[in-house]
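Beneath this line is the structure, given in structure tokens, with notes to follow.
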Amino acid sequence: MSVSFTLKKQLDQFLLDVSCSFPDGVLVIQGESGSGKSTILNCISGLLTPDNGIVAVNNRVVYNSNQSINIPVQNRNIGYVFQNYALFPNMTVEKNILYGLKNQSEYKMKEKREEMLQYMEYILDTFRIGHLRKKYPYQISGGEKQRTALARAIVTKPDLLLLDEPFSALDLKTKKIVYQEFLDLKQQMQMPIILISHDPKESDLFADHRLYLEQGRAVEPFV
Amino acid sequence: MWGPVLLSLKIASIATIFSFFFGVLLAYILNRKCVPGKNIWETLITLPMILPPSVTGYFLLMLLGKRGVIGSVLIDLFGFKIIFTWYAAVIAACIVSLPLMYQNAKAAFLNIDPAYEKAAKTLGSSEFRIFCTITFPLAWPGIISGIVLAFCRAIGEFGATLMVAGNIPGKTQTMPTAIYYAVETGNTSEANMLVMMMTIFSFVLIFTLNKWLEKRNYLGK
């Protein structure tokens, strides 16, 4: 497993020019607000197109400006947890989880429906959100939203998981619990993760590799 | 008296269906896609809302009249004269109600946090599925407002309808034109009755909409 990206994109205030490669584990990207952290995630996921560069996940090139490769975001198989979680407000927790599964070609056949539901149950249990299945996002707490968003991103078995400040909206008490859960999850999951965080404590807790951004450039040596 | 009432309901219903489809489609395309000349298109769609109905009617007359761009083609190809028929009244009602539908749908689409659609994309959804499962359901309260307002505007349409459909009793006479005719001919009791019906009907529609929106959970449930 490996992730590598070289990205150049002209932003309003500066040029984002960053290059990084890591074999596995968690890469934590830190930096001031507006330093280009979320832009990196958006470029890797395919939600934004860089001016030029290369993005490869597990040796699969998903973007290469020189070779005109730009795999659509839908086909990149990259999980993304947004800062505000972006849980669909018109769907219950269960339907939020099922949403990604229904797009998977392996579950599109009718006879696979039972299998899909079993897998969903497994995910609901793993993330301890089974009791919330019929609840809407506005009816659950911040920590529960965070777990649901993680479950929704992981349910499609992505090759890479992107987390955009997933702990920033949580209170201190919830953070402590969620940190431990995330550490457990990190052990269980066999996928590379890129985590954006403002908090040096989170970086110390989770980072296998670090990238510190300033005005679109890496200012600290890649560890 | 019931003829104009039924005709008005028929015209307003059909016009609202068209306004709904075109309003939602145009609002989605113009506000979610990169469309050249977006401002021009938006201005053209909104224009009937601020122009006097007689001006809108005049433009429609130029289009649908016997020698109009569309009217002459319809006569040449199908021998069908659209002017002074209830079809022309539907077109007039549709044109004047479209801006209300468009503006409400546009506001509803712009109100949706783009993160929902982005999240759906990363989960492998096509644009069509995202529209059907996320965008449209979340925009639904705004779209319902648009439908009700467009229907009220369509049922109350007078100026443009009079110019392109006339006021032919039993054929193109709608409630507003029937009220005008009743007042002109001194038939106060019929005018009173129609005015009362229109006012109560519009009041009930808007009141019910407001109640529904109040009760509805804006988080999308």
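The values are calculated or read from the model by the stated rules, or taken from the named source; none is laboratory data. Computed from a prediction, not measured in an experiment: that's the story for all the values here. Because the Cβ atoms are built from the backbone with ideal geometry, glycine has one as well, and the counts that use them run over all protein chains shown. When the accessible area is computed, the model is the full protein with side chains, heavy atoms only, and any ligands, DNA or RNA have been set aside. Shrake-Rupley method; radii C 1.70, N 1.55, O 1.52, S 1.80 Å.
Taking into account only those residues within segment A:165-185 that are among the acidic types (D, E) and closer than 27 Å to A:S35 by Cβ, which is modelled with the lowest pLDDT?
A:D171
Please indicate, with yes or no, whether at least one residue in segment B:4-11 is part of a loop (DSSP other than H, G, I, E, B), of a type in the set (D, E, K, R) and surrounded by fewer than 18 Cβ atoms within 10 Å (Cβ to Cβ).
No - not one qualifying residue is present in segment B:4-11.
Could you figure out which of (1) assigned to a helix (DSSP H, G or I); (2) surrounded by 14 or more Cβ atoms within 10 Å (Cβ to Cβ); (3) of a type in the set (V, I, T) isn't true of A:T156?
For A:T156, the failing item is (1).
Does segment A:35-74 hold any residues that are farther than 30 Å from A:Y138 by Cα, not in a loop (DSSP other than H, G, I, E, B) and not basic (K, R), and which are they?
Residues satisfying the conditions are A:N52, A:G53, A:I54, A:V55, A:A56, A:V57, A:V61, A:V62, A:Y63, A:N64, A:I69, A:N70.
Only residues that are within 13 Å of the chain's Cα centre (by Cα) and polar (S, T, N, Q): list them for segment B:9-40, please.
B:S13, B:T16, B:S19
Scan segment A:203-223 residue by residue and report those that are touching a residue at least 60 places away in the same chain (Cβ under 8 Å) and either open to solvent by 10 Å² or more (accessible area, probe 1.4 Å) or within 25 Å of A:D125 (Cβ to Cβ) (or both).
A:F206, A:A207, A:D208, A:H209, A:R210, A:Y212, A:E214, A:Q215, A:R217, A:A218, A:F222
Any idea which residue in segment B:129-148 is farthest from B:K33 (Cα to Cα), counting only those that are facing another protein chain (nearest Cβ under 8 Å) and surrounded by 21 or more Cβ atoms within 10 Å (Cβ to Cβ)?
Going through the qualifying residues, I end up with B:L138.
Name the residues in segment A:127-147 that are surrounded by 14 or more Cβ atoms within 10 Å (Cβ to Cβ) and either in contact with a His (Cβ under 9 Å, 6 or more places away or on another chain) or more than 26 Å from B:L138 (Cα to Cα) (or both), would you?
Within segment A:127-147, just A:F127 meets the criteria.
Sort out which residues of segment A:84-97 are within 8 Å of chain B (Cβ to nearest Cβ) and within 15 Å of A:L162 (Cα to Cα), and write them in order of number.
Correct list: A:N84, A:A86.
Taking the options A:L163, A:L124, A:L150, A:L101, name whichever one is open to solvent by less than 40 Å² (accessible area, probe 1.4 Å), part of a strand (DSSP E or B) and not acidic (D, E). Reasoning before the result, please.
Numbers: A:L124 fails: part of a strand (DSSP E or B); A:L150 fails: part of a strand (DSSP E or B); A:L101 fails: part of a strand (DSSP E or B).
Of A:L163, A:L124, A:L150, A:L101, the one residue that is open to solvent by less than 40 Å² (accessible area, probe 1.4 Å), part of a strand (DSSP E or B) and not acidic (D, E) is A:L163.
Which one of these is part of a helix (DSSP H, G or I) and acidic (D, E): B:E157, B:E190?
Testing whether each residue is part of a helix (DSSP H, G or I) and acidic (D, E) leaves just B:E190.
Identify, from the list A:G142, A:G130, the residue that is small (G, A, S) and free of Cβ contacts under 8 Å to residues at least 12 places away in the same chain.
None of the other options fit; the residue is A:G130.
Of a type in the set (D, E, K, R) and open to solvent by less than 50 Å² (accessible area, probe 1.4 Å) - does that describe any residue in segment A:46-53?
No, segment A:46-53 contains no residue that is of a type in the set (D, E, K, R) and open to solvent by less than 50 Å² (accessible area, probe 1.4 Å).
Return the residue satisfying two criteria in turn: it lies in segment B:91-111 and is over 13 Å from B:G146 (Cα atoms) and open to solvent by less than 10 Å² (accessible area, probe 1.4 Å), and of such residues it is farthest from the chain's Cα centre (by Cα).
Across segment B:91-111, the extreme among qualifying residues is B:A92.
Looking at B:V55, B:V24, can you tell me which residue is assigned to a helix (DSSP H, G or I) and surrounded by 17 or more Cβ atoms within 10 Å (Cβ to Cβ)?
That would be B:V24, the only listed residue that is assigned to a helix (DSSP H, G or I) and surrounded by 17 or more Cβ atoms within 10 Å (Cβ to Cβ).
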